[in-house]
1. Quick check on region 67-82. Is at least one of its residues β-branched (V, I, T), under 24 Å from D20 (Cα atoms), open to solvent by 20 Å² or more (accessible area, probe 1.4 Å) and in contact (Cβ under 8 Å) with a residue 12 or more places away in the chain?
2. Being assigned to a helix (DSSP H, G or I) and under 14 Å from the mean Cα position of the chain (by Cα) is the filter; apply it to region 210-234 and report the residue that is farthest from the ligand (Cβ to nearest atom).
3. Taking T128 and the conditions (1) open to solvent by 10 Å² or more (accessible area, probe 1.4 Å); (2) in contact with a Lys or Arg (Cβ under 7 Å, 6 or more places away or on another chain); (3) within 16 Å of the ligand (Cβ to nearest atom), which numbered condition does it fall short on, given that it satisfies the others?
4. Hey, among T194, T206, which residue is in a loop (DSSP other than H, G, I, E, B), of a type in the set (S, T, N, Q), touching a residue at least 12 places away in the same chain (Cβ under 8 Å) and within 16 Å of the ligand (Cβ to nearest atom)?
5. Consider S142 carefully, then state whether it is farther than 30 Å from A25 by Cα, within 15 Å of the ligand (Cβ to nearest atom) and in a helix (DSSP H, G or I).
6. Residues being in contact (Cβ under 8 Å) with a residue 40 or more places away in the chain and either crowded, with 16+ Cβ neighbours inside 10 Å or not in a loop (DSSP other than H, G, I, E, B) (or both): count how many of those fall in region 87-110.
7. For V170, only one of the following conditions fails: (1) open to solvent by 30 Å² or more (accessible area, probe 1.4 Å); (2) more than 15 Å from the ligand (Cβ to nearest atom). What is its number?
8. Restricting the search to region 1-58, which residues are aliphatic (A, V, I, L, M), more than 27 Å from K94 (Cβ to Cβ) and open to solvent by 10 Å² or more (accessible area, probe 1.4 Å)?
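The values are calculated or read from the model by the stated rules, or taken from the named source; none is laboratory data. Computed from a predicted model, the values in this text were never measured in an experiment. All Cβ positions, glycine included, derive from the backbone under ideal geometry; neighbour counts span all protein chains shown. Just the protein is used for accessible areas: all its heavy atoms, side chains included, with ligands, DNA and RNA removed. Shrake-Rupley method; radii C 1.70, N 1.55, O 1.52, S 1.80 Å.
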Amino acid sequence: MRLFINIDHVATVRQARRSDEPDPARVAVLAELGGADGITVHLREDRRHIQDRDVDLLMQTVRTGVNLEIATVEAMVDRALGWRPAAVTLVPEKREEITTEGGLHLAGSAGDRTSEAVSRLRAAGIRTSLFIDPDPDTIRVSAELGADAVELHTGEYANSSDAADRTLQVARLRQAAELARDLGLSVHAGHGLTYENVGPVAALETCEELNIGHSVISRSVFVGIERAVREMQERVRRARA
Ligand code: PXP
C-alpha cells in the first residue's frame with residue numbers, strides 16, 4: 001500500500017494572503033522524510049491553491065513521485081504532458097465546489113474526452129488514473145477507456161451516517177475494488193479519509209494506493225508535517241497487518 005499525501009491545502013494557506021509561505025515544495029520534502037510514498041497536487045483550472053510554479057518546483061524536488069490531479073480538459077492535459085509527472089489522475093471539477101464532490105461521469109461525450117486524454121497521457125508514459133464513484137458500470141467503462149488505475153471516491157464512506165451505513169459503504173468499496181482488479185485496473189482510494197476512518201479502507205487487500213490530504217495537513221499544524229505523515233503511515237500499516 002502506497003500513501004500519497006495531497007498538499008493542496010498548504011497552498012490554500014499561502015493563497016489566503018497571496019504571499020510566498022508556506023511553500024508546498026518545502027512541505028513535500030518533509031512529507032517524504034515522514035514516509036510519504038508520493039506527493040499529490042490538484043492543479044485546478046481556477047488556480048485557487050496550487051499554482052503552475054508549484055508544479056514546476058515539485059517536479060524538480062520530489063524524489064518519490066508526483067501524482068498530478070487535473071480536469072479532463074485539453075489545456076490541462078497539455079500542461080501535464082509538459083511536466084510528465086509519474087501519474088495523472090483525472091478528476092471532475094466545478095468552479096463553485098469547495099472540494100471535489102463526486103467521481104467522473106464517463107458516459108457519452110465525457111467518455112470520448114476521457115478516452116482521448118488517457119491515450120495522450122499513456123502515450124507519453126504517464127500512469128493514468130480515473131477518480132470515480134465505487135460503481136460497477138463506471139468501473140467497466142474505466143477499463144474500456146484504457147486507464148491504468150481507478151481511484152475510488154471514499155467520500156460517501158467518510159460521510160456515512162451510522163455504523164450500518166459505514167459497513168455498507170465498506171462493502172461497496174470492497175466489491176468495486178475487486179471488480180476493478182479483476183478487469184486489470186490498479187485500485188487507489190481517497191477523499192475524506194482521516195486518522196479515525198482510514199482503517200477499513202487501508203485494510204482492503206485489493207487497494208494499492210491511498211491519497212490523503214486535509215486530515216494530514218490539519219494535524220501538521222499541531223505536530224509538524226513529518227510526524228503527521230508518519231502517524232498516518234502507522235495507521236495504514238496497522239490496518240494492513
Ligand atoms: N483524491 C482526489 C481525487 C481528490 O480530489 C482529493 C481532494 O483534493 C483527495 C484525494 C484528498 O482528499 P482529502 O483532502 O479529503 O483527504
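1. Taking region 67-82 and keeping what is β-branched (V, I, T), we get 70, 72-73, 77.
Filter again for under 24 Å from D20 (Cα atoms), leaving 70.
Subsequent filtering for residues that are open to solvent by 20 Å² or more (accessible area, probe 1.4 Å) retains none.
Looking through region 67-82, none of the residues is β-branched (V, I, T), under 24 Å from D20 (Cα atoms), open to solvent by 20 Å² or more (accessible area, probe 1.4 Å) and in contact (Cβ under 8 Å) with a residue 12 or more places away in the chain.
2. Looking only at region 210-234, we keep the residues that are assigned to a helix (DSSP H, G or I), and these are 214-223, 225-234.
With the extra rule that they be under 14 Å from the mean Cα position of the chain (by Cα), the set shrinks to 214-216.
Values: H214: 4, S215: 6, V216: 7 Å.
By that ranking, first place goes to V216.
3. T128 satisfies all of (1) open to solvent by 10 Å² or more (accessible area, probe 1.4 Å); (2) in contact with a Lys or Arg (Cβ under 7 Å, 6 or more places away or on another chain); (3) within 16 Å of the ligand (Cβ to nearest atom) except (1).
4. On the way: T206 fails: within 16 Å of the ligand (Cβ to nearest atom).
Only one candidate passes the filter, namely T194.
5. Details: farther than 30 Å from A25 by Cα: yes; within 15 Å of the ligand (Cβ to nearest atom): yes; in a helix (DSSP H, G or I): yes.
Yes, satisfied.
6. Residues flagged as in contact (Cβ under 8 Å) with a residue 40 or more places away in the chain and either crowded, with 16+ Cβ neighbours inside 10 Å or not in a loop (DSSP other than H, G, I, E, B) (or both) within region 87-110 amount to 9.
7. With (1) open to solvent by 30 Å² or more (accessible area, probe 1.4 Å); (2) more than 15 Å from the ligand (Cβ to nearest atom) applied to V170, the lone miss is (1).
8. M1, A25, V29, L30, L33, L57
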